[in-house]
1. If you go through the stretch 87-109, how many residues are under 18 Å from Gln131 (Cα atoms), over 19 Å from the mean Cα position of the chain (by Cα) and of a type outside the set (A, V, I, L, M, F, W, C)?
2. Out of curiosity, is Arg179 at pLDDT 95 or above and charged (D, E, K, R)?
3. Can you name the helices (runs of 4 or more DSSP H) wholly within the stretch 182-274 that have at least 1 residues being under 23 Å from Gly150 (Cβ atoms) and touching an Asp or Glu at 6+ places or on another chain (Cβ under 6 Å)?
4. For the structure I just gave you, tell me whether Ala80 is aliphatic (A, V, I, L, M), in contact with a Leu (Cβ under 9 Å, 6 or more places away or on another chain) and at pLDDT 95 or above.
5. Only one residue in Leu35, Leu50, Leu58, Leu71 is buried (at least 22 other Cβ atoms within 10 Å of the Cβ) and in contact with a strand residue (DSSP E or B) (Cβ under 9 Å, 6 or more places away or on another chain), so which one is that?
6. Which ones in the stretch 169-206 are closer than 17 Å to Ser126 by Cα and not charged (D, E, K, R)?
7. Sort out which residues of the stretch 104-123 are open to solvent by less than 10 Å² (accessible area, probe 1.4 Å) and not in a strand (DSSP E or B), and write them in order of number.
8. Is it the case, given these coordinates, that Val142 is aliphatic (A, V, I, L, M), under 20 Å from Arg164 (Cα atoms) and either at pLDDT 95 or above or open to solvent by 10 Å² or more (accessible area, probe 1.4 Å) (or both)?
Amino acid sequence: MRVSDRPAFRPSRRRGQNFLVDRGIQRRIAQAAQLPPDAVVLEIGAGTGLLTEALRPLASRVIAVEVERELAEQLRERFAEDDSITVVNADAVALDIAALGVSDYHVVANLPFSVGTRLLIDLLQSSSPPQSLTVLLQRDVVDRACASPGEMRLLSVIVQSLARPQRLFDIPPGAFRPRPKVISTLVRLRPRSLDAEDCARTSRRIAAARRAFQQPRKQLANALGAPAGIDAALEARGIDPKRRPETLSLEEWDDVADALAAEATVAASGSPAT
């Protein structure tokens, strides 16, 4: 393994770059991913390569994606003698995973704060989602992703509809350079196996939640836009129209989606609501 003698890279605040410099925590993250020996790992935001180094003995192959050309070149130099590590200089937001020639893969990453939530959702909604994701995000993002009814948000509905999230442990700001103002949390997600019917139901559920969470402080019927007949349609499915969106479970969002579909049918036909 070669180590570059180039000047230290200056992290970009615009990109939300905070490099985890604690090697012990890097090893702990790699172990927490619970990778099978033959795992292909996609590491997003490889940065200085410390997590890449920790992942190397635990996987058969590591694809280290880094948006900064200078860092990508340093990574190539550092791991030049290791055929199990491939460095890709690309923006993960626009990354074509299929073009990498992998299908069964795991994501392990310290996701950039600026695009972490977007990347998480994009990966879960991908046509070829990873087998697992073990990612470091801001603690408030993980709080929303793992929330229970009573504290649910749109992110909660999306993530929990597509995967089973498990909060692992917090990492303090002092483990990063530059030091962020927030605490980070490691979360592991296991994507759900969804057939065509499941996918259709999940899409309807997320669409209903997206509509309601545009106005989360309103009562449910009003948050949905208070279409004519929605109160009766909700009540027919055991949903109080005066509830707040954050109180609903995933199954109840299915009932809301059904109520919206029933109301739309009634509105189109002019028939009484049932």
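The values are calculated or read from the model by the stated rules, or taken from the named source; none is laboratory data. Being a predicted model, the structure only gives us computed values, none of them experimental. Cβ placement follows ideal geometry from the backbone for every residue including glycine, while neighbour counts extend to all protein chains displayed. SASA here: full protein model, heavy atoms, side chains in, ligands and nucleic acids out. Shrake-Rupley method; radii C 1.70, N 1.55, O 1.52, S 1.80 Å.
1. Restricting attention to the stretch 87-109, the residues satisfying the condition of being under 18 Å from Gln131 (Cα atoms) are 92, 95-109.
Retained after the next criterion (residues that are over 19 Å from the mean Cα position of the chain (by Cα)): 99-102.
Next cut, of a type outside the set (A, V, I, L, M, F, W, C) only: 101.
Adding up the residues that qualify gives 1.
2. no
3. Qualifying helices (runs of 4 or more DSSP H): 196-212, 220-223, 230-235.
4. Answer is no for this residue.
5. Step by step, each of Leu35, Leu50, Leu58, Leu71 is checked, and only Leu71 is buried (at least 22 other Cβ atoms within 10 Å of the Cβ) and in contact with a strand residue (DSSP E or B) (Cβ under 9 Å, 6 or more places away or on another chain).
6. Leu189, Pro191, Ser193, Leu194, Ala196, Cys199, Ala200, Thr202, Ser203, Ile206
7. Answer for the stretch 104-123, where residues must be open to solvent by less than 10 Å² (accessible area, probe 1.4 Å) and not in a strand (DSSP E or B): Tyr105, Leu111, Gly116, Leu119, Leu120.
8. Yes; evaluated as a whole, the condition is true for this residue.
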